[in-house]
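The values are calculated or read from the model by the stated rules, or taken from the named source; none is laboratory data. Fair warning: this is a prediction, and the values are worked out from it, not measured in the lab. Cβ placement follows ideal geometry from the backbone for every residue including glycine, while neighbour counts extend to all protein chains displayed. Accessible surface areas use protein heavy atoms only, side chains included; no ligands, DNA or RNA. Shrake-Rupley method; radii C 1.70, N 1.55, O 1.52, S 1.80 Å.
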Amino acid sequence: MKSGLSFVCPTSVSPWGTYLSQVDRVTPYLGELARWVETLKHPKRALIVDVPIELDDGTVAHYEGYRVQHNLSRGPGKGGVRFHPDVTLEEVMALSAWMTVKCAAVNLPYGGAKGGIRVDPRKLSHKELERLTRRYTSEIGAIIGPQQDIPAPDVNTNAKIMAWMMDTYSINRGATATGVVTGKPIHLGGSLGRVRATGRGVFVTGREASRRLGLELGDARVAVQGFGNVGSVAAELFAAAGAKIVAVQDHSGTLVNERGFDVAHLQDFSAKYGGIDGFKEGDRIDGEAFWDVRADILIPAALEGQLTADRARRITSKIVLEGANGPTLPQADDVLADRGVWVIPDVICNAGGVTVSYFEWVQDFSSFFWSEDEINQRLDRIILGALDQIWAKADEHKIPLRTATYAVACERILAARQERGLYP
Ligand code: NAD
């Protein structure tokens, strides 16, 4: 399989820089609360940990891990853990800040946090991955907990890794603590609907945006970057609603199919071979050409910084659904706004995952579990209610949906900050 990394566009703006610029853009709309805005520019707590493990060949390797709690004004920290060779403290800071905004945007009683290890998990055996996860959990154990900070899956982490984290934390504390992580396997206190929740949220917000903008999903052409947990589920739901998935890109390659992919076939292929490259029911194109494919809806669902100003000038979509966190650079946001493209920002578009994580946490505390139908109905209600409020804010101030989402969310965060007051 080819690495495909040549089509990763290097970004001049770091994720933290992108986030700071997003905060600057919302400040004029915060009224009196703007007095507290600096609080959003300073993570509350950042922990760097050394994660040494013995490899299967007997040598010892050291990895750098992080856990950042950006803001805890509205409740315990909440946010995923990423295993990726490009993870840096600065990236985790930005991801934790976006979690603060996201939880407030959908009004969940959480602050924002995020974690990660700079590692390529594909190079580790199953046992090495388990040792890495357990040692990392132990190292950050002092600052996580069901009432303190609750990790969850993100890029390259999954339910199995959450099970190891829950087990390690519980052993260290001497009591089973299912609520310390979300995204767990079902028989360990996981929630029905959690695995598909983020993709579902992307679809639900996309369907609502399409309705408002008069785009028929039955005729829509959709391009998806990232075919993992988020992108593949969103693609599946759009295809089920009648849309055609005409382009898919992942780390291994880029494929197009004018008739629309059979998403289930592509999911099976990708699960078996670790990527989409080599799938026969589509034509391989150059990675950069992905941004020129004619589509009505574009779903960046891979990594941050992908939609640059240049790519924003070239895309043909009317709607961008940010499945990934931070996929659009601030300059690209300006280009898209000028071109009349509607961006449903990450902090609402992909909030389905954290919303069902919240349901999982609530179910763990009450030891009473809901049906998948109940979960999906509650999820749709929360996401659509939040989107409605955000759209009204955008209409009121004639601002892009991202700035409107930040306005709704930051008012909640800073009001909590103000009401709690400063200590001492
Ligand atoms: P994942 O590991 O399941 O999938 C990531 C996908 O991105 C894979 O298909 C991978 O091949 C692809 N990818 C990686 N590098 C790429 C590149 N350079 N170019 C094109 N594709 C590339 O991860 P995920 O959970 O689907 O997360 C994707 C994004 O969604 C991330 O930004 C993550 O932070 C965000 N997100 C995830 C969740 C969740 O519940 N999993 C929730 C909210 C946001």
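Summary of values
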item	result
Selection status of Phe279, under 14 Å from Ala223 (Cα atoms), of a type outside the set (Lys, Arg) and open to solvent by less than 20 Å² (accessible area, probe 1.4 Å)	no
Enumeration of residues in the range 202-229 that are within 16 Å of the ligand (Cβ to nearest atom), over 30 Å from Tyr169 (Cα atoms) and of a type outside the set (A, V, I, L, M)	Phe203, Thr205, Gly206, Gln225, Gly226, Phe227
Some residue of the range 224-236 being over 25 Å from Ala197 (Cβ atoms) and surrounded by 15 or more Cβ atoms within 10 Å (Cβ to Cβ)	no
Which listed residue, of Val408, Val362, Val343, is outside any helix (DSSP H, G or I), open to solvent by 10 Å² or more (accessible area, probe 1.4 Å) and not hydroxyl-bearing (Ser, Thr, Tyr)	Val343
Counted residues, the range 44-81 - those being assigned to a loop (DSSP other than H, G, I, E, B) and either open to solvent by less than 40 Å² (accessible area, probe 1.4 Å) or without any contact (Cβ under 8 Å) to a residue 12 or more places away in the chain (or both)	8
Scan of the range 282-329 for residues that are open to solvent by less than 40 Å² (accessible area, probe 1.4 Å), among the β-branched types (Val, Ile, Thr) and in contact with a strand residue (DSSP E or B) (Cβ under 6 Å, 6 or more places away or on another chain), ordered by number	Val293, Ile297, Ile299, Ile315, Ile319, Val320, Thr328
Residue list for the range 94-141, restricted to those being part of a strand (DSSP E or B) and not β-branched (Val, Ile, Thr)	Gly112, Ala113, Lys114, Gly115, Gly116, Arg118
Close pairs from the range 220-239: first on the phi > 0 side of the Ramachandran plot, partner open to solvent by less than 10 Å² (accessible area, probe 1.4 Å), Cβ under 6 Å, at least 6 apart	none
Residue match in the range 384-397 (condition: closer than 17 Å to Gly112 by Cβ and either open to solvent by 70 Å² or more (accessible area, probe 1.4 Å) or part of a helix (DSSP H, G or I) (or both))	yes
